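Structure, as structure tokens:
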Amino acid sequence: MSRLDSFIRRLQAQRDCLSAAVAQIRGIDGFVLELGLGNGRTFDHLREICPDREIYVFDRQVNAHPDCIPAADHLFLGEITTTLPQALARLGANAALVHTDVGTGDQESNTRLAATLAPMIRGILRPGGIVISDQALNTAGLSPLPLPEGVKPGRYFMNKAV
Ligand SMILES: C[S@@+](CC[C@H](N)C(=O)[O-])C[C@H]1O[C@@H](n2cnc3c(N)ncnc32)[C@H](O)[C@@H]1O
């Protein structure tokens, strides 16, 4: 498969997982976290599909499209492993949905970062909250959810806080 096809399928999987998760958290109050602002495309999509939720965004720096830059009080700038505990202290364990998309081409470092982030993400989620991730997240208190139809296992991941 060409890298273009693979990229397209990953983004389709991301969008399908986001839609499925938003439907599943309908009865759970709480905010949304976007780990990895990047260009701001997913943040923009989240604003569209979660119009009534607070959305907090994380990145080392802002490199997003000018229309997709969160307000300063909804932006955590710096290393996620530092800013996620800061968010927990400020906002409490009240996330209904977390999306994380911080992977790079270096699988070894992706796996290391995912192992560090998994318990932190679990720690900020409400019971019943959902995390959607580009990397596998394995930690106590996260249970895998079935992927939406058409999403190939391993392309994207969905877990529920139990
Ligand atoms: C693939 S991009 C995210 C794309 C984004 N979802 C979008 O729709 O444009 C990944 C982003 O994560 C950020 N990132 C990766 N590792 C990070 C870390 N350890 N701490 C903070 N930001 C990180 C990078 O700076 C980059 O902007």
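The values are calculated or read from the model by the stated rules, or taken from the named source; none is laboratory data. Predicted, not measured: the structure shown is a model, and the values here were computed from it. Note that each Cβ is placed from the backbone with ideal geometry, even for glycine, and that neighbours are counted across all protein chains shown. Ligands, DNA and RNA are excluded from the accessible area calculation, which covers all protein heavy atoms including side chains. Shrake-Rupley method; radii C 1.70, N 1.55, O 1.52, S 1.80 Å.
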Q: Given the options Ala87, Ala115, Ala23, state which has the largest fluctuation in a GNM of the chain using a 10 Å cut-off (strictly under) for Cα springs.
A: Ala23
Q. What spacing in nm lies between the two simple spin-label points modelled at Met1 and Ile69, each 7 Å away from Cα in the Cβ direction?
A. 3.5
Q: Pick out which of Ser133, Ser109, Ser143 has the largest mean-square fluctuation in a Gaussian network model of the chain, springs linking Cα atoms closer than 10 Å.
A: Ser109
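Report the antiparallel proportion of the DSSP beta bridges in the range 81-162 as a percent, rounded to a multiple of 5. Write down the numbers at each step before the final one.
Working: 7 of 13 bridges.
That works out to approximately 55 percent antiparallel.
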**Q.** For Leu142, solvent-accessible area (1.4 Å; no DNA, RNA or ligand), Å²
**A.** 20
Q) In whole angstrom, how long is each semi-axis of the equivalent ellipsoid of the range 3-161, when you take the square root of 5 times every eigenvalue of its Cα gyration tensor and sort them from largest down? A) 20, 18, 17
**Q.** Efficiency of FRET between Arg112 and Arg26 - r from beta-carbon atoms, R0 45 angstrom, step 0.05
**A.** 0.85
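Could you put Met1, Met158, Met120 in order of accessible surface area, largest first, with the 1.4 Å probe and the full protein assembly present? Display every interim value, and only then the final one.
Numbers: Met1 135, Met158 5, Met120 55 Å².
The most accessible residue leads, giving Met1, Met120, Met158.
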Q. Given springs between every Cα pair under 10 Å in a Gaussian network model of the chain, which of Ile69, Ile49, Ile132 has the largest fluctuation?
A. Ile49
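Can you pull the percent of the range 1-154's accessible area that's carbon plus sulfur, 1.4 Å probe, other chains left in place?
Working: 4100 of 8140 Å².
Reported share for carbon and sulfur atoms: 50 percent.
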Q.
Nearest 5 percent is fine: what portion of the DSSP beta bridges confined to the range 3-161 is antiparallel?
A. 30
